[in-house]
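Below is one structure, written out as structure tokens; comments come after it.
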There are 2 protein chains.
Amino acid sequence: MSSDIAAITGEVLLRLDRGKYPIVCNISNRHIHLSEKDLGILFGSGYKLEKMRDLLQPGEFASTVTVDLQGPKGLIKKVRVLGPCRSQSQAEVSLTDTFTLGIKTEVRDSGDIAGSAGGRLIGPAGSVDISEGIIVARRHIHMTTAHARKFKLKDKQIVRVRTLPPRSVVFEDVLVRVNDNYALECHLDTDEANACSLKNGSYVYLS
Amino acid sequence: MSSDIAAITGEVLLRLDRGKYPIVCNISNRHIHLSEKDLGILFGSGYKLEKMRDLLQPGEFASTVTVDLQGPKGLIKKVRVLGPCRSQSQAEVSLTDTFTLGIKTEVRDSGDIAGSAGGRLIGPAGSVDISEGIIVARRHIHMTTAHARKFKLKDKQIVRVRTLPPRSVVFEDVLVRVNDNYALECHLDTDEANACSLKNGSYVYLS
């Protein structure tokens, strides 16, 4: 019994300690990562993405261009293309967007697209039908191994994140992603941010 | 110190006890309550709302008709009119909708519309400009005094509500509304429901 109490007390103290450090939270609006091949079809052979602005994660950027995303039920116009290109095209949308598009999809970790929903990507030079690649990305926190040590967390661990009042929320099922190329940053999508009136760049806390 | 521990233990036991009982949660999509006067302007003098289906709250119903809602930036078509009529017209939208409409609004308790955003309601027989009445409704739970006694809660108390996994969330800042005419029911809006992939009619728990 006393060892149970010690374990519970230890867990509470660990949570309180982790919860002291602010983590910047940015809101992922719907966006698309393109393969080099699909980029060429959508924007013309040899087209290179131009940077509009850097994202917080090193090397990642919002490009100057958008594509339209067509699902079986509806169209979403002007979905921002992020760079650099990836090995496979992937659109990350909110659950709200899936109702507009008319697709069914589970929440997935970014990159886990096998068997996910498909749709049509429409660019100024052509269009591409993807049989899979439209997902709702699981909420997550990027951090370096140094941050992970400080928080006593490991890659792929699941944590809880609290937002600030008013209208605060504790998000459970938040994935930790550890890599020394990352910046410390929590990513929520627009549904999650709008559910707690969170503004881009606000701080959130482990809970 | 021992009285502190007793108080904390009591609070924990109270929360655990409250958290045992499932509460049905329905999702409030954007909707409009109309005054008799505005109903006449939008649908024609003497028009009476017809029931499409009952809502869980006794006497409340979804009507057969919709109106369009115009804000300074954008239009939202086919917003469901709920009945019966109220003393003042009021549109309840999600924070996502406020960006579409181009309005700024705080989260408010239903009925608290003084100084809130305005817009244009467009019906088949005419339109009405409202100077206020468009709000994002605060998440809330309806309950009878008997439920309130069971949960040891009072009208207007603020509680936390947990949704079920996967993608679970603990919503803080949930308003308790107690009235013997109410049915036990939690209301979340579409942003809140889509942030935790909650389906209409799911159970949630006090936390």
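The values are calculated or read from the model by the stated rules, or taken from the named source; none is laboratory data. All figures in this text were calculated on a predicted structure; none of them were measured in a lab. Backbone-built Cβ (ideal geometry, glycine too); neighbour counts: all protein chains shown. SASA here: full protein model, heavy atoms, side chains in, ligands and nucleic acids out. Shrake-Rupley method; radii C 1.70, N 1.55, O 1.52, S 1.80 Å.
Annotations for the structure displayed:
- Residues satisfying the stated conditions in region A:70-111, i.e. among the β-branched types (Val, Ile, Thr), within 13 Å of chain B (Cβ to nearest Cβ) and out of contact with any Asp or Glu (no Cβ under 9 Å at 6 or more places or on another chain): A:Thr98, A:Thr100, A:Thr105
- Only one of A:Leu153, A:Leu175, A:Leu184, A:Leu121 that is touching a Lys or Arg at 6+ places or on another chain (Cβ under 7 Å) and modelled with pLDDT of 95 or more: A:Leu175
- Just one of the numbered conditions (1) within 24 Å of A:Ser168 (Cβ to Cβ); (2) touching a helix residue (DSSP H, G or I) at 6+ places or on another chain (Cβ under 6 Å) is not true of B:Gly123: (1).
- Considering region B:174-186, the residues that are touching a residue at least 60 places away in the same chain (Cβ under 8 Å) and part of a strand (DSSP E or B) include one that is nearest to the other protein chains (Cβ to nearest Cβ), namely B:Leu175.
- Residues that are open to solvent by 60 Å² or more (accessible area, probe 1.4 Å), basic (Lys, Arg) and within 18 Å of the chain's Cα centre (by Cα) are absent from region A:64-73.
- Residue in region B:89-137 that is least open to solvent (accessible area, probe 1.4 Å), counting only those that are assigned to a strand (DSSP E or B) and of a type in the set (S, T, N, Q): B:Gln90
- Selection of region B:185-207 for residues being open to solvent by 30 Å² or more (accessible area, probe 1.4 Å) and within 18 Å of B:Ala137 (Cα to Cα) yields B:His187, B:Thr190, B:Asn200.
- Matching option when the condition is over 22 Å from A:Phe61 (Cα atoms), touching a residue at least 12 places away in the same chain (Cβ under 8 Å), within 13 Å of chain B (Cβ to nearest Cβ) and open to solvent by less than 60 Å² (accessible area, probe 1.4 Å), among A:Arg167, A:Arg162: A:Arg167
- Output for region B:187-204, where each listed residue is within 14 Å of chain A (Cβ to nearest Cβ) and of a type outside the set (S, T, N, Q): B:His187, B:Leu188, B:Asp189, B:Asp191, B:Glu192, B:Ala193, B:Ala195, B:Cys196, B:Leu198, B:Lys199, B:Val204
- For region B:138-154, the criterion of being within 11 Å of another protein chain (Cβ to nearest Cβ) and either under 15 Å from the mean Cα position of the chain (by Cα) or open to solvent by less than 20 Å² (accessible area, probe 1.4 Å) (or both) is met by at least one residue.
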